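Just below is one structure, and these are the notes that go with it.
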Amino acid sequence: MNEHEKYLFDLGGYIVVKNALTSEQITDLSERLEAHREGGSKNRGFGSDRTRMPKDGDSAWSAPSLIEWGGTYIDLIDIPSIKPYLETLLGTNYRLDHDYLKIDSDDSERKLFLHGGGQGAGDGATLVGPTDGGQCYYRYNNGKFFNGLVAVAFELDTVTPGRGGFACVPGSHKANLALPREWQISKTQKDIPEFVNRVAASAGDAIIFTEASLHGTIPWEGDGERRTIFYKYCPHAVAWGPSYYNADNYGELTDNQRSILMPPSAFGPASNTADIWQRAQADQAELKRLREEVARLKQQ
Ligand SMILES: O=C(O)CCC(=O)C(=O)O
């Protein structure tokens, strides 16, 4: 992250990283997504903010994740084009907190809901405001950034101005006052207040923003779709979601990827805490095996 990017992130609360994905990566992410939409699924969202348990199947108290789709969805955990930004904004040994994908189009719910906002100045009804428990903070002290939750939004489609995309209020991560209620929701693009930035991006770009910033999605107007993958990261000792990843659930991972999937701890991926979590993951697997065995015996 160069000095210009640091300046702009501190000033505005977000930056756009051009060409964060190669065209091969876009194709792989896109094909894996489309395979899950085959059969006419009307789903507009995949993965999860990890605040909900799956309705069926997995009894090992985890939550759905895009990482289950494999390929580039695994690579995104620790992708070299984004890593230097996360290290600067979160410090080393940051963790992936949750991931999801959403599709904006003519069929999707269309309104801008500005949420988040500065020094506890957001809306009282959202989890990124004064009721957030303090985890969506932003500070800059002694030459270091401090962020509670940083989102990386990977765009799979080019969103031309006027159609929709990411919106934010630049500088709002440092705001002291709450957003006046009448500016919080815009049902159409023409209702959006002028101080809101509409952030253009091309396929393969990544928008990195602090959840302390007031942000949301511009109501979609026009044809086509915007397919956006969100991977959201916390410093190693902070959590937003209540449900942690089980790194054993996603096939082969590198050591770095496994440590980024660790639950929160003041110690980060130190070997003693890694052992604790490895034990919890093994217990989950055993519990799942026993439950499946009981279900099978009940059917006999
Ligand atoms: O559509 C977007 O890029 C914004 C998504 C959003 O509001 C969020 O992830 O909290």
Stretch Glu252-Asn2 to full length: gain in nm at 0.36 nm per residue minus the Cα-Cα span?
86.7 nm
Taking the beta-carbon count within 10 Å as an exposure proxy, list Arg52, Arg44 from fewest neighbours to most.
Arg52, Arg44
What number, in nm² with one decimal, is the all-direction average of the projected area of the convex hull of the alpha-carbon atoms of the range 60-109?
5.7
Under 17 Å between alpha carbons - lysine pairs in the chain that sit 8 or more apart or on different chains:
15
Value of [θ]222 nm, deg cm²/dmol, for the chain, DSSP H segments ≥ 4, -39500 (n - 2.57) each, nearest 500
-7500 deg cm²/dmol
Angle in degrees between helix 3-12 and the longest Cα principal axis of the chain, rounded to the nearest 10
80
Using packing as a proxy for protection, rank 215-228, 179-192 so that the peptide with the highest average count of other Cβ atoms within 10 Å comes first.
215-228, 179-192
Can you tell me the 0 to 90 degree angle between the C-alpha axis of helix 23-37 and the longest principal axis of the chain, rounded to 10?
70
Determine how many Å³ per residue the convex hull of the Cα atoms of the range 3-299 encloses.
146
Could you work out how far the C-alpha centroid of the range 177-227 sits from that of the range 144-169, in angstrom?
9
Considering Cα pairs under 8 angstrom that are at least six residues apart, work out the relative contact order of the chain and quote it in whole percent.
26
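Taken together, the values in this text are just the output of simple stated rules run on the coordinates, not laboratory data. Being a predicted model, the structure only gives us computed values, none of them experimental. Heads up, the Cβs are rebuilt from the backbone with ideal geometry, glycines too, and the neighbour counts pull from every protein chain shown.
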